[in-house]
Amino acid sequence: MVAARYLPLMGGIETHVHEVGTRLVRRGWDVTILTSHAPGTGDAEEERDGLKIVRLPIRAFQGTDFYFAPDIASRIARGGWDLVHVQGCHTFVPPLAMIGARLGKTPYVLTFHTGGHSAAWRNRVRALQWWAFRPLFARARKLIGVSRFEASYFQSLLRLPASRFTVIPNGGLLPPSPGRPPFDDDGIVIASVGRLERYKGHHRAIAALPALLRRQPNARLWIVGAGPYEQALHEQAAAAGVADRVRIFAVPPGDRAAMSAVYARADVVTLLSDYEAHPVSVVEALVLGRPVVVARTSGLAEIADDGLALAVDPNSSPETIADAWLRQVGTTPPPYELPTWDRCVQRLELVYFEALKAG
């Protein structure tokens, strides 16, 4: 598996790769994760949870998230792999991985894992970026979307037949809550979960908090995540006069029990993001039976249309968002066969066998 980032760095792809990788190992697969090596990400090569983790040096443009691992292509080309699974399509790592697979005459599959970006211009050029990668995408044995929305988008963009695509959602299994939540806050708790980037919409939750407090004076907003937008969120909360009602904190990415405790305490889990393909945080909340409010955008709208969450327009007034939160308090998502990581791995195995058989 090739991923631009991996644990202990936080994110949906990082969680996905870890959850499916460890389960594949338990089912008898020999799994190596090729990823980038950055300060604080651990040894260059290690074995953990049955996974071989190889971190290759990265080259980054200072002050940006443009980076690539130039050794990825050569490492894959000479690695003697049976199959390469490319996880994600945003950075320069995926095309290098696909080039390496082509050079090594190794079959490969690609999971898109699209996400948003806080820079508007980056969002505008992504369709051109992915069209430029089309020759590499087209040679994948299978193209995997984590939602119907994502698979449909790429089928239309790349003009490839539907038979080249499949949908395998993220799982959402968390252990039961071990007990006490991270804070003993009284009143309603709204948990906005996701990396601290502007596109994730945490600022919309802060903007709606005063409207909620007018009706529920003891309410709290928990913003759960880490990232470069944290200081701006603190400043926004202070300017709105609600800093004492907002907690911004991160849960260690490997501590799934602690994350479960956060969901268990939250009266409503919210994600008012500009773009999500199939957010792990929302799936996890739904698996634990927590009510959810999302923005009617991208793959979030698909979750709402399936009856699993309440959706609001991302440009809704603070009062509308607060009303949506209050409507969800005390409710339970309807019965639904939510995806699990085990089911995700079972479907991935079918894709792998098909790709190997075709070779």
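Residue-level analysis places Leu300 outside the set of residues that are touching a residue at least 40 places away in the same chain (Cβ under 8 Å), in contact with a strand residue (DSSP E or B) (Cβ under 7 Å, 6 or more places away or on another chain) and buried (at least 20 other Cβ atoms within 10 Å of the Cβ).
Only residues that are modelled with pLDDT of 95 or more and either in contact with a Ser or Thr (Cβ under 9 Å, 6 or more places away or on another chain) or of a type in the set (A, V, I, L, M) (or both) were counted in region 208-228, giving 10. Within region 106-137, the set of residues being small (Gly, Ala, Ser) and modelled with pLDDT under 65 comprises Gly115, Gly116, Ser118, Ala119, Ala120.
Only residues that are farther than 26 Å from Pro291 by Cα and either in contact with a Gly (Cβ under 9 Å, 6 or more places away or on another chain) or part of a loop (DSSP other than H, G, I, E, B) (or both) were counted in region 304-359, giving 2. Among the residues of region 238-277, those identified as acidic (Asp, Glu) and modelled with pLDDT of 95 or more are Asp244, Asp267. The requirement of being in a helix (DSSP H, G or I), modelled with pLDDT under 95 and under 30 Å from Pro107 (Cβ atoms) is fulfilled somewhere in region 283-291, by at least one residue. Tell me, yes or no, whether region 230-239 has at least one residue that is touching a strand residue (DSSP E or B) at 6+ places or on another chain (Cβ under 9 Å) and closer than 18 Å to Arg265 by Cα. No, region 230-239 contains no residue that is touching a strand residue (DSSP E or B) at 6+ places or on another chain (Cβ under 9 Å) and closer than 18 Å to Arg265 by Cα. Within region 69-90, being surrounded by fewer than 19 Cβ atoms within 10 Å (Cβ to Cβ) and modelled with pLDDT under 90 holds for Pro70, Asp71, Gly79, Gly80, His90.
Inside region 14-45, residues that are part of a strand (DSSP E or B) and at pLDDT 90 or above make up a count of 4. Among the conditions (1) over 14 Å from Val146 (Cα atoms); (2) surrounded by 24 or more Cβ atoms within 10 Å (Cβ to Cβ), the only one that Thr331 does not satisfy is (2).
Of the helices (runs of 4 or more DSSP H) lying entirely inside region 167-272, those carrying at least 2 residues that are within 23 Å of Pro339 (Cα to Cα) and more than 18 Å from the chain's Cα centre (by Cα) are 256-265.
The values are calculated or read from the model by the stated rules, or taken from the named source; none is laboratory data. Keep in mind that this is a model prediction, so the values were computed, not measured. Cβ coordinates were reconstructed from backbone atoms using ideal geometry, including for glycine residues, and neighbour counts include every protein chain displayed.
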